[in-house]
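Asks: Supplied in structure tokens, the structure appears directly below.
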């Protein structure tokens with residue numbers, strides 16, 4: 001299953017915190033000992049010295065653990081250049097950057113499986129012009145093979161075309177999506193576990209189910225597909241109670257103040273472009289976490305390859321455009 005990726009009107013694949021357990025990591029200042037409040041003895045002196053040394057070591061450990069936590073400047077999803085229907089200024093949206101011998105082309109797409117959509121020709125032309133050494137894709141690791149261009153596009157859209165082109169050129173594809181457990185944990189840290197679960201279930205299962213991606217009785221498919229084939233597979237840990245569909249409906253009512261039904265769940269409350277509901281903020285945070293991860297993946301890939309092609313949902317590309325220039329400048 002896919003994450004809701006950019007401006008894909010079609011259902012997407014179900015699919016982005018390390019926690020340091022010290023007071024420093026929680027933003028708390030370590031309690032300092034005031035020598036004036038203690039009898040100054042040799043024992044106290046060495047104990048105090050050892051504690052100070054311990055605090056210094058903890059601080060150094062914290063700094064070391066966060067040294068690689070590069071945060072890039074993103075365009076807010078409240079400000080990106082899309083129209084009222086979520087369409088980009090152009091499709092595909094292509095960004096081409098160079099720095100010395102390094103070349104990066106990022107293609108933002110409006111997801112499609114229409115073989116006649118001209119964006120697929122643009123992707124092909126860019127691929128053959130750049131001759132990339134690697135493709136960074138959205139939507140997970142790619143394993144399928146395809147007999148033809150049209151079969152690849154009609155089956156899996158841009159993902160299928162990217163894999164077909166990569167196989168023909170003998171190059172690798174790399175998943176640019178944040179691991180789902182990492183995203184779930186980071187959303188839990190930013191909000192709560194219930195909010196992370198409600199967001200994941202709604203965006204990545206309930207809406208695709210409502211659009212006809214799955215057949216069967218909702219509660220049974222929730223358990224077999226969303227819980228067992230998705231969250232369990234991705235390593236997201238839930239209690240026996242949290243795994244139940246009734247738990248989802250309970251927390252839905254808690255946050256939306258109405259009983260759950262497919263008729264009353266509002267997709268507009270799960271778009272990053274609005275401030276209508278708290279879950280617009282949760283959705284926006286999810287997108288930002290995934291964008292930061294993608295940028296770090298691009299930066300790391302450019303250390304080892306001179307020509308890199310990225311194909312991702314257009315909303316993501318619009319949000320990371322300024323940061324891409326930062327990535328190239330820091331090479």
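The values are calculated or read from the model by the stated rules, or taken from the named source; none is laboratory data. Please read all numbers here as calculations on a predicted model, not as lab measurements. Cβ coordinates were reconstructed from backbone atoms using ideal geometry, including for glycine residues, and neighbour counts include every protein chain displayed.
Asks: Could we say that residue 216 is in contact with a helix residue (DSSP H, G or I) (Cβ under 9 Å, 6 or more places away or on another chain), surrounded by fewer than 18 Cβ atoms within 10 Å (Cβ to Cβ) and modelled with pLDDT of 95 or more here?
Replies: Working: in contact with a helix residue (DSSP H, G or I) (Cβ under 9 Å, 6 or more places away or on another chain): yes; surrounded by fewer than 18 Cβ atoms within 10 Å (Cβ to Cβ): yes; modelled with pLDDT of 95 or more: yes.
Yes, satisfied.
Asks: If you don't mind, there's one more thing I want to ask. Here are some conditions: (1) under 22 Å from residue 92 (Cβ atoms); (2) out of contact with any strand residue (DSSP E or B) (no Cβ under 6 Å at 6 or more places or on another chain). Residue 264 meets all but one. Which one does it not meet?
Replies: Among (1) under 22 Å from residue 92 (Cβ atoms); (2) out of contact with any strand residue (DSSP E or B) (no Cβ under 6 Å at 6 or more places or on another chain), the lone unmet condition for residue 264 is (1).
Asks: The conditions are (1) modelled with pLDDT of 95 or more; (2) surrounded by 13 or more Cβ atoms within 10 Å (Cβ to Cβ); (3) in a loop (DSSP other than H, G, I, E, B), and residue 274 fails exactly one of them. Which is it?
Replies: In the conditions (1) modelled with pLDDT of 95 or more; (2) surrounded by 13 or more Cβ atoms within 10 Å (Cβ to Cβ); (3) in a loop (DSSP other than H, G, I, E, B), residue 274 misses (1) alone.
Asks: Follow-up question, since we're still on this one. Mind telling me which of the residues 161, 165, 187 ends up being under 30 Å from residue 282 (Cα atoms), part of a helix (DSSP H, G or I), at pLDDT 95 or above and touching a helix residue (DSSP H, G or I) at 6+ places or on another chain (Cβ under 8 Å)?
Replies: Values: 161 fails: under 30 Å from residue 282 (Cα atoms); 165 fails: under 30 Å from residue 282 (Cα atoms).
So the residue among 161, 165, 187 that is under 30 Å from residue 282 (Cα atoms), part of a helix (DSSP H, G or I), at pLDDT 95 or above and touching a helix residue (DSSP H, G or I) at 6+ places or on another chain (Cβ under 8 Å) is 187.
Asks: Hey, among the residues in the stretch 45-80 that are surrounded by fewer than 13 Cβ atoms within 10 Å (Cβ to Cβ) and in a loop (DSSP other than H, G, I, E, B), which one's modelled with the lowest pLDDT?
Replies: 67
Asks: Collect the residues in the stretch 208-229 that are more than 23 Å from the chain's Cα centre (by Cα) and closer than 23 Å to residue 240 by Cα, keeping them in residue-number order.
Replies: Those that are more than 23 Å from the chain's Cα centre (by Cα) and closer than 23 Å to residue 240 by Cα: 216, 217, 218, 219, 220, 221, 223, 224.
Asks: Residues being in a helix (DSSP H, G or I) and either surrounded by fewer than 18 Cβ atoms within 10 Å (Cβ to Cβ) or out of contact with any helix residue (DSSP H, G or I) (no Cβ under 8 Å at 6 or more places or on another chain) (or both): count how many of those fall in the stretch 294-327. Don't jump to the end; show me each part of the working.
Replies: Initially, the stretch 294-327 is screened for residues in a helix (DSSP H, G or I), giving 294-304, 314-327.
In the following step, the residues that additionally are either surrounded by fewer than 18 Cβ atoms within 10 Å (Cβ to Cβ) or out of contact with any helix residue (DSSP H, G or I) (no Cβ under 8 Å at 6 or more places or on another chain) (or both) were identified as 296-297, 300-301, 303-304, 314, 317-318, 321-322, 325-326.
So the count comes out to 13.
Asks: Applying the selection to the stretch 92-132, what residues are over 26 Å from residue 296 (Cβ atoms) and either in a strand (DSSP E or B) or touching a helix residue (DSSP H, G or I) at 6+ places or on another chain (Cβ under 9 Å) (or both)?
Replies: 112, 113, 114, 115, 117, 119, 120, 124, 128
Asks: Within the stretch 170-180, is there a residue that is at pLDDT 95 or above, surrounded by fewer than 20 Cβ atoms within 10 Å (Cβ to Cβ) and out of contact with any strand residue (DSSP E or B) (no Cβ under 9 Å at 6 or more places or on another chain)?
Replies: Yes, because at least one residue in the stretch 170-180 is at pLDDT 95 or above, surrounded by fewer than 20 Cβ atoms within 10 Å (Cβ to Cβ) and out of contact with any strand residue (DSSP E or B) (no Cβ under 9 Å at 6 or more places or on another chain).
Asks: Does residue 196 satisfy the criteria of being in a helix (DSSP H, G or I), in contact with a strand residue (DSSP E or B) (Cβ under 6 Å, 6 or more places away or on another chain) and buried (at least 17 other Cβ atoms within 10 Å of the Cβ)? Please lay out each step first, then the result.
Replies: On the way: in a helix (DSSP H, G or I): yes; in contact with a strand residue (DSSP E or B) (Cβ under 6 Å, 6 or more places away or on another chain): no; buried (at least 17 other Cβ atoms within 10 Å of the Cβ): yes.
No, not satisfied.
Asks: Of all residues in the stretch 133-143 being touching a helix residue (DSSP H, G or I) at 6+ places or on another chain (Cβ under 6 Å) and part of a loop (DSSP other than H, G, I, E, B), which is surrounded by the most Cβ atoms within 10 Å (Cβ to Cβ)?
Replies: If we take residues in the stretch 133-143 being touching a helix residue (DSSP H, G or I) at 6+ places or on another chain (Cβ under 6 Å) and part of a loop (DSSP other than H, G, I, E, B), then 139 is surrounded by the most Cβ atoms within 10 Å (Cβ to Cβ).
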